[in-house]
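Scroll down for the structure; my scribbles are underneath it.
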Amino acid sequence: MTRHTPLEGVHNFRNFHGYTGREGARVRSGLYRSGHFGRASETDQALLRDLGIKVVADLRKPRERENEPFVWPADMGVRVIASDLGNESEPPHLKFLRQDDHSPEAVRDYMLSAYRRIPMETCNQEVYRESYKALATGDADAGFVVHCAAGKDRTGIFCALVLDELGVDRDTIFEDYLLTNTAVDFDAIIPVIQERTRAQHGKAMPAEMMRIFLGVDADYLALAFETMGGTDRYVTEILGISEAERAALRDRWLER
């Protein structure tokens, strides 16, 4: 199955359905993930309409949404799930881009710290919770897309949670997560990000470090799972998802 769909103005757009889940059931079509839609073209929007996207989980903080806004066409009837929390300071990844130490060790240390932080941030938990509930209800044919800024970290953790809930094996979950490293055209986007940060802050992260910063590593996701203290505990005790809602999500998204 081809997972990555190149779009004109959206990076890292791909599906995370079609995997084998509990008791050999197949994960039903309609699950998508990506970077933000702030530069989605009309052609991109037409594709999203054809895919039947009806629920959008936007994991960006309010300031990120203000900087890269996107208004979903009214005729699509899309429900957007987002959080107004977490706007007290500059988003951590943008703050890190302005720092002086962009050595391989510094970039990796930042990424590891991010994966300890992301599952425990109230704003992310709010979107995770409401997205879980949305996935457990509604029209079985309605498409769902989850995104953040780059569609790899906050988004990657949520997709891993959903696939784990559906009984996809851990090796496959990690393989899906790592697809960012091949789905993203780093050679195209790194100069754009460098130019933007240089214009805003007078300096930019070196390209070789930017590639590490924009990529993913299995150690990151493993640390997120460890931080959550087990997905069952995280989903029920931290997110507050009931067993009935978990069962409903599986019923809706697994087909035998």
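The values are calculated or read from the model by the stated rules, or taken from the named source; none is laboratory data. Keep in mind it's a predicted model, so treat the numbers as computed, not measured. No Cβ is skipped: glycine too gets one built from the backbone with ideal geometry, and neighbour counts run over all protein chains shown. Just the protein is used for accessible areas: all its heavy atoms, side chains included, with ligands, DNA and RNA removed. Shrake-Rupley method; radii C 1.70, N 1.55, O 1.52, S 1.80 Å.
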* Please give the per residue accessible area of the chain, computed with a probe of 1.4 Å over protein heavy atoms only, in Å². => 45
* Got a sec? What order do 94, 112 fall in by accessible area at 1.4 Å, biggest, i.e. largest, first? -> 94, 112
* To do: Just check the range 65-180 against the gyration tensor rule for me: Cα atoms, a ≥ b ≥ c as the square roots of the eigenvalues, rounded for a/c under 1.5, and otherwise prolate or oblate depending on whether a/b exceeds b/c.
  => oblate
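Ignoring everything except DSSP H segments at least 4 long, calculate the 222 nm mean residue ellipticity for the chain; use -39,500 (n - 2.57) per segment, divide by total residues, nearest 500. It would help to have the intermediate numbers written out before the result.
Numbers: 12 runs with 120 residues, N = 256.
That calculation yields -14000 deg cm²/dmol at 222 nm.
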* GNM result for the chain, Cα springs below 10 Å: residue of 70, 225, 13 fluctuating most strongly -> 70
* Using alpha carbons only, how many degrees (0 to 90, rounded to 10) separate the axis of helix 218-228 from the longest principal axis of the chain? -> 60
* Structure fact -> When the chain is treated as a Gaussian network with springs between alpha carbons less than 10 Å apart, the largest mean-square fluctuation among 58, 187, 219 is found at 187
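Tell me, in nm to one decimal, what length is gained between residue 251 and residue 217 on full extension, where the rule is 0.36 nm per residue of separation less the Cα-Cα distance? Show your work: numbers first, answer last.
Working: separation 34, 0.36 × 34 = 12.24 nm, distance 3.13 nm.
Taking residue 251 through residue 217 to full extension adds about 9.1 nm, to one decimal.
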* Compute the acute angle (0 to 90°) between the alpha-carbon long axis of helix 186-201 and the principal axis of greatest extent of the alpha-carbon atoms of the chain; round to the nearest 10°. => 60
* At most 13 other Cβ atoms within 10 Å and a DSSP loop assignment: could you name the GluC sites (Glu not before Pro) in the range 47-128 that fit? => 88
* **Accessible surface of the chain, 1.4 Å probe, proportion on carbon and sulfur as whole %** => 48
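Report the FRET efficiency, 1/(1 + (r/R0)^6), for residue 105 and residue 50, where r is their Cβ-Cβ distance and R0 is 45 Å, rounded to 0.05.
Step by step, r from the Cβ atoms, then E = 0.50.
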* Mind checking which aspartates and glutamates have their Cα closer than 15 Å to the Cα of residue 61? Skip sequence neighbours fewer than 8 apart in that chain. => 84, 88, 90, 121, 126, 153
* Net length gained if the chain between residue 87 and residue 117 were fully extended (0.36 nm per residue, minus Cα distance) -> 9.3 nm
* **Theoretical FRET efficiency, 1/(1+(r/R0)^6), r = Cβ-Cβ of residue 41 and residue 139, R0 22 Å, to 0.05** => 0.25
* **Local electrostatic count at residue 237 - Lys and Arg +1, Asp and Glu -1, tallied over other residues with Cβ under 13 Å** => +1
* With charges only on Cβ, +1 for K and R and -1 for D and E, what is the dipole size of the chain about its Cα centre, in debye, rounded to 20? -> 220
* To do: Any lysines with Cα under 18 Å of the residue 203 Cα? List them, leaving off those in the same chain fewer than 8 positions away.
  => 95
* Structure fact -> Each label sits 7 Å from Cα toward the beta-carbon; between residue 232 and residue 71 the label points are separated, in nm, by 4.7
